[in-house]
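The values are calculated or read from the model by the stated rules, or taken from the named source; none is laboratory data. What you see is a predicted model; the values in this text were computed from it and never measured. Counting neighbours? That spans all protein chains shown, and the Cβs are built from the backbone with ideal geometry, glycine included.
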Amino acid sequence: MYYPSLTSHTLFIVRRSSVFYFISIVFNRLNRSLLRGRNSFVTALFVVTFILSIFLKSTLVWASSDSVAEDYHRMAYDAQQSEDYSRALSYYFKALSINPKNGSYWNDIGLVYEAMGDLDNAEKSYLHALRMDPKFLAPYANLGVVYNKKQNPVKAVYYLKKRIELGDPADPWTQKARLELQDIYMATPLYRERFLQAETKRLNLEASQKTRDNFQNQIKVANSEYERGMTLLKEQKSKEAVKAFNDSLAFAPGNPKVVQARAEAQKLDRSQQVEKTVQQAMVYLKAGKEQAAKKKFNEVLAIIPNQPN
């Protein structure tokens, strides 16, 4: 895997902005000297020109050396992709001779050694990369793979776990490290039983958490439906209130306050049905439709439930 460092172009832009800032200061000084007189101006011009030449020289040398290191790095990577490992190592070490503290160079050297089957030098290179930058994630995973190849599961597990702990859980490379770790656990009798127990515990905890989350969500919905039902009851919307209370009881069965509220809503609903049916019966009776009125009065009796006194 190729992990590029800061490019020479980026470095040049950063330094160039610093140069422009310095030049602006120089011209401000010259302007002030010019206002004070010609002799002051000539002296100031000589001084700032001397300082500016030194500053630009150091800047160009700095940017140039880093640019050369990155050029070697790119050539090394191209050679590595072409499986020309000797040439790749030559270019990587040339880049290191210019920038010896660059962890990504050491990591890529480790990848070349690993591709060549030289696991000892690959291990040393990855460890060098971590000494240069302990926050660099790639060497942790690469060391895990190398130690697994060297049949050292203890160290392999250690470095893969470090890669997983330090990485973003959503990062695909973190997930890949987790799969590598799982393969080691399953292939090593020392770890297999422990891994299966840990996985069972983790899955049980996840299931318990989901159960708790679902229960809490159900309680929230039940309370929400209860509050909605109480509002509808106050508005004399009995049928809608009964439905809301039924929905609440579906998520929290047997809740006494909801059961009582639903009974009140049902009572109001019956009362409203009776009142409406009686009004219709009276309309029929006044219109001389006695049979229709009688039928409506019978409906009233059907609405009222049979309950013992």
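A few comments on the model shown:
- Of the residues examined, residue 147 is not one that is among the aromatic types (Phe, Trp, Tyr), within 28 Å of the chain's Cα centre (by Cα) and part of a helix (DSSP H, G or I).
- Residues of the stretch 79-122 classified as acidic (Asp, Glu) and within 31 Å of the chain's Cα centre (by Cα), total: 1
- Enumeration of residues in the stretch 230-271 that are closer than 15 Å to residue 218 by Cβ and among the acidic types (Asp, Glu): 247
- Here residue 184 fulfils each of the conditions (1) at pLDDT 85 or above; (2) within 30 Å of residue 154 (Cβ to Cβ); (3) surrounded by 11 or more Cβ atoms within 10 Å (Cβ to Cβ) apart from (1).
- Number of the exception - residue 236 against (1) touching a Leu at 6+ places or on another chain (Cβ under 8 Å); (2) under 29 Å from residue 301 (Cα atoms); (3) assigned to a helix (DSSP H, G or I): (3)
- On inspection, residue 127 qualifies as in the same structural domain as residue 108 (by TED's automatic domain parsing), surrounded by fewer than 17 Cβ atoms within 10 Å (Cβ to Cβ), modelled with pLDDT of 90 or more and part of a helix (DSSP H, G or I).
- Residue list for the stretch 258-293, filter: within 27 Å of residue 242 (Cβ to Cβ) and basic (Lys, Arg): 262, 267, 270, 276
- Meets criteria (small (Gly, Ala, Ser), more than 44 Å from the chain's Cα centre (by Cα), under 27 Å from residue 214 (Cβ atoms) and assigned to a helix (DSSP H, G or I)) for residue 261: yes
The rows are residues; the columns are (1) over 22 Å from residue 234 (Cβ atoms); (2) buried (at least 16 other Cβ atoms within 10 Å of the Cβ); (3) in contact (Cβ under 8 Å) with a residue 24 or more places away in the chain.
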| residue | (1), (2), (3) |
| --- | --- |
| 260 | no, no, no |
| 266 | no, yes, yes |
| 269 | no, yes, yes |
| 281 | yes, yes, no |
| 285 | yes, no, no |
| 292 | yes, no, no |
| 296 | yes, yes, no |
| 304 | yes, no, yes |
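- Of the residues making up the stretch 92-112, those that are surrounded by fewer than 21 Cβ atoms within 10 Å (Cβ to Cβ) and assigned to a helix (DSSP H, G or I) number 5.
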